[in-house]
1. Can you pull out the residues in the range 105-133 that are within 18 Å of L87 (Cβ to Cβ) and touching a helix residue (DSSP H, G or I) at 6+ places or on another chain (Cβ under 7 Å)?
2. For the range 103-110, does any single residue satisfy the condition of being of a type in the set (V, I, T) and assigned to a helix (DSSP H, G or I)?
3. Restricting to the range 114-136, name every residue that is open to solvent by less than 40 Å² (accessible area, probe 1.4 Å) and either out of contact with any Leu (no Cβ under 6 Å at 6 or more places or on another chain) or over 16 Å from V187 (Cβ atoms) (or both).
4. For the range 74-97, enumerate the residues that are within 24 Å of K57 (Cβ to Cβ) and part of a loop (DSSP other than H, G, I, E, B).
5. Which is of a type outside the set (F, W, Y), open to solvent by 70 Å² or more (accessible area, probe 1.4 Å) and modelled with pLDDT of 95 or more, of K73, K57?
6. Is it true that I184 is open to solvent by 30 Å² or more (accessible area, probe 1.4 Å) and closer than 28 Å to E91 by Cα?
7. Can you tell me which residues in the range 59-113 are on the phi > 0 side of the Ramachandran plot and of a type in the set (V, I, T)?
Amino acid sequence: MIKKSWSKLTRPVAIIGLCCATALSLQGCVEMVVGSAVIGTFAATDRRTFGAQTDDKAIVIKGETRVSRLLGKNGHVDVNSFNRRVLLTGEVVDENAKQAAEREMRAIDGVVSVTNELMIAQASDLSSRSNDALLTTKVKATFVDAKDVSANAFKVVTEAGVVYLMGRVTQGEGSRAADLTSSISGVRKVVKVFEYISEAELKEYQRTPSKQTNNSDN
């Protein structure tokens, strides 16, 4: 009886812990609360090549450095990259700053495209960013719970209640993920920033995921 009661408590406690940790870490560090075992599994099933994964990390670091140098404290810009496709979100002071930030991203070696979703507005506060981080966690948890989507195929970015979905997915996967996300309380809008692949490509990936992930880019 005690064992059964403990089992019922485990999931709620884990969820509360996840949300609290997320609120403290904010969006950029959400992955830290997942756990090394899960992260290792996700890395092994990533649909990007190992080279693309490495490039994405370098692009984000370079992008954040360039934006910080460009804007200083006059704005709040988040840089995300998936398969060398950059997404810019956040707030800047004017149109010139918005375009300058995009130019800086396009000048980084390896960047394939830039989706500029920067808003001309006052920088968001800690409360708003914490709420965005929690929404990101809810979206990821929803994908994990749903048995008909591959949670690791998506990168989730949230800004001012707007959820941006990135990833290498089929049209069907993208639509399903968008539907799941839009059903979550607090989500104001869903923006799809996908790189679409065919059903044939997906089947090929599912046959040999580790081989494709480790392949070098030509």
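The values are calculated or read from the model by the stated rules, or taken from the named source; none is laboratory data. Bear in mind that the values here come from a model prediction, so they are computed numbers and not experimental data. For neighbour counting, all protein chains shown are included, and Cβ atoms are generated from backbone atoms with ideal geometry for every residue, glycine included. All accessible areas refer to the heavy atoms of the entire protein, side chains included, with ligands and DNA or RNA removed. Shrake-Rupley method; radii C 1.70, N 1.55, O 1.52, S 1.80 Å.
1. Listed by number, the residues that qualify are M105, I108, G110, V111, V114, N116, L118, I120, R129, D132, A133.
2. Here is the first cut: in the range 103-110, the residues of a type in the set (V, I, T) are 108.
Then drop every residue that is not assigned to a helix (DSSP H, G or I), which leaves none.
There is no residue in the range 103-110 that is of a type in the set (V, I, T) and assigned to a helix (DSSP H, G or I).
3. Filtering the range 114-136 for residues open to solvent by less than 40 Å² (accessible area, probe 1.4 Å) gives 114, 116, 118, 124, 128, 130, 132-133, 135-136.
Residues satisfying the conditions are V114, N116, L118, S124, S128, S130, D132, L135, T136.
4. N83, R84
5. Working: K73 fails: modelled with pLDDT of 95 or more.
Among K73, K57, only K57 is of a type outside the set (F, W, Y), open to solvent by 70 Å² or more (accessible area, probe 1.4 Å) and modelled with pLDDT of 95 or more.
6. Working: open to solvent by 30 Å² or more (accessible area, probe 1.4 Å): no; closer than 28 Å to E91 by Cα: yes.
No.
7. Going through the range 59-113, the residues on the phi > 0 side of the Ramachandran plot turn out to be 72, 75, 83-84, 90, 110.
Passing the criteria: none in range.
Residues are listed down the side, and each one gets a yes or a no for (1) in contact with a helix residue (DSSP H, G or I) (Cβ under 7 Å, 6 or more places away or on another chain); (2) of a type in the set (F, W, Y); (3) more than 28 Å from S124 (Cα to Cα); (4) buried (at least 18 other Cβ atoms within 10 Å of the Cβ):
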| position | (1), (2), (3), (4) |
| --- | --- |
| F143 | yes, yes, no, yes |
| Y164 | no, yes, no, yes |
| R168 | yes, no, yes, yes |
| G172 | no, no, yes, no |
| E195 | no, no, yes, no |
| A200 | no, no, yes, no |
